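K.L.:
Below is the structure I would like to discuss, written out as structure tokens.
What follows is calculated from the coordinates using simple rules that are stated; it is not laboratory data. Note that the structure is a prediction, hence the values are computed from the model and not measured. Glycine also receives a Cβ, built like all others from the backbone with ideal geometry; neighbour counts cover every protein chain displayed.
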């Protein structure tokens, strides 16, 4: 089976097109679209045309479009693709993120009714987005006020002064603020939170995944509902105590505010994509796996879609979904809405990592065609590849990671240690067949590839290795100084950034386009 993989240069984002030549025609899967400013909708046409037998990509069809996770730098560029009249789309898989601004008391598990993408797709989608943004705006305003004015913040909650609450929300918004929160409002909060933290706002590359899976119900106050058992008087007393801690807790508040603002921007991108899909009547699905159990989807030529089925014969490529798991979705959804984390800080120290579910709930999947195995990872953290921090990795998930011929390095080569640990647990370092590692990040990125990625390469490489690194943007020399020899050769015109292409002829992979040389 012939395969063409195109990875588009979208800086700190992702966009990968897979095309499979089957006896019955071409099957196409598009994972992510970068940000809109990179115009993947225009880049797509050349990649589609190059693979069609007649060289005509004007009526090309994408069978499955995947938004791997809830980040604007992966979702936003898909909107123009959906709106294009040059490409038809069979189905879209969107990230299964539950709405964390809604009360979840009395519900045992988040079903379709709680998933944000499907709420946006409903008749009341506009109202859902407005309420979501309003909730995130209140969170940002309260936290910004608390970082600076502990006494005023205490009085606000003790007296229930709604006018003061509104004042804090609007005053914290800065020059871009106003009654209707927009992207500029939340971008201001991201930048302002970064000032509190003493760093620039482009911290996406520095995100770190922790090991906390929250597996003991009620063991930690921030993850349980014990807070709501307290009386209003006890809550007010907690605020009184909190006023003296506001300055000390400012970095914690800033981290939560930053997450809330990012969530709002991501939700806006997700809603735009859902609206575009609805306008063209393209089916939307949110897929998950049972904890520790890969879920198989097979291409059906009759249905022209990927069908779930462990035993169904395949007419073409197969997709093995490895995450996110039901347990991981439950973990994030069962936590209190993020707005209530403001209250939580009054009574206990708050774990600072993994507040937002965006990256942890990224799709991760292996796509097989013949003997070829490709791993699409989005920004996956792989934290649900083990049931708890002290447990062993789920055997079936680890087994699915070996062997691999092409690996999209998750989170753009960032600090997601679990992803690399899982590959090593699957004995990637012992694999003898050639493999390609695909990396997408900003040109001369100050953060990526990360030191964690460098340590992974140190453990995985060996003499005579066939590992090749494919970059769509030039890394800084100091970031890759220890593994420059692993860069795939330039094919085509050398440049600081450029799209990459791999071809599989049924027997071996070759590099058909790669612009970035080792710096």
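K.L.:
With a ≥ b ≥ c the root eigenvalues of the C-alpha gyration tensor of the stretch 435-519, is it rounded (a/c under 1.5), prolate (a/b larger than b/c) or oblate? Could you put the intermediate results ahead of the total?
P.N.:
On the way: a/c = 2.03, a/b = 1.16, b/c = 1.74.
Cα axes put the stretch 435-519 in the oblate bin.
K.L.:
Taking the number of other C-beta atoms within 10 Å as the exposure measure, put 420, 393, 363 in order starting with the fewest.
P.N.:
On the way: 420 23, 393 19, 363 26.
Ordered by Cβ neighbours within 10 Å, fewest first: 393, 420, 363.
K.L.:
Is the shape of the stretch 1-96 best called rounded, prolate or oblate, per the rule: a/c under 1.5 gives rounded, else a/b larger than b/c gives prolate, else oblate, with a ≥ b ≥ c the square roots of the Cα gyration tensor eigenvalues? All intermediate terms of the calculation are to be shown ahead of the outcome.
P.N.:
Working: a/c = 1.75, a/b = 1.56, b/c = 1.12.
Judged from the Cα gyration tensor, the stretch 1-96 comes out prolate (a/c at least 1.5, a/b above b/c).
K.L.:
Please sort 83-90, 40-47 by packing, taking for each peptide the average over its residues of neighbouring beta carbons within 10 angstrom, highest first. Could you put the intermediate results ahead of the total?
P.N.:
Details: 83-90: 15.8, 40-47: 19.2.
Listed from highest to lowest mean packing, they are 40-47, 83-90.
K.L.:
I've got another one for you. Going by average Cβ density within 10 Å per residue, which order do the peptides 457-464, 292-299 take, highest to lowest? Walk me through the numbers on the way to the answer.
P.N.:
Values: 457-464: 12.5, 292-299: 19.8.
Descending packing order for the listed peptides: 292-299, 457-464.
K.L.:
Please report how far the C-alpha centroid of the stretch 411-426 lies from that of the stretch 455-519, rounded to the nearest whole angstrom.
P.N.:
18
K.L.:
Distance between Cα centroids, the stretch 1-22 to the stretch 58-78: provide it in whole Å.
P.N.:
12
K.L.:
Give the peptides 137-145, 374-382 in descending order of average Cβ contacts within 10 Å, highest first. Present the calculation step by step, with values, prior to reporting the outcome.
P.N.:
Values: 137-145: 25.3, 374-382: 27.6.
Those peptides, ordered most packed to least, come out 374-382, 137-145.
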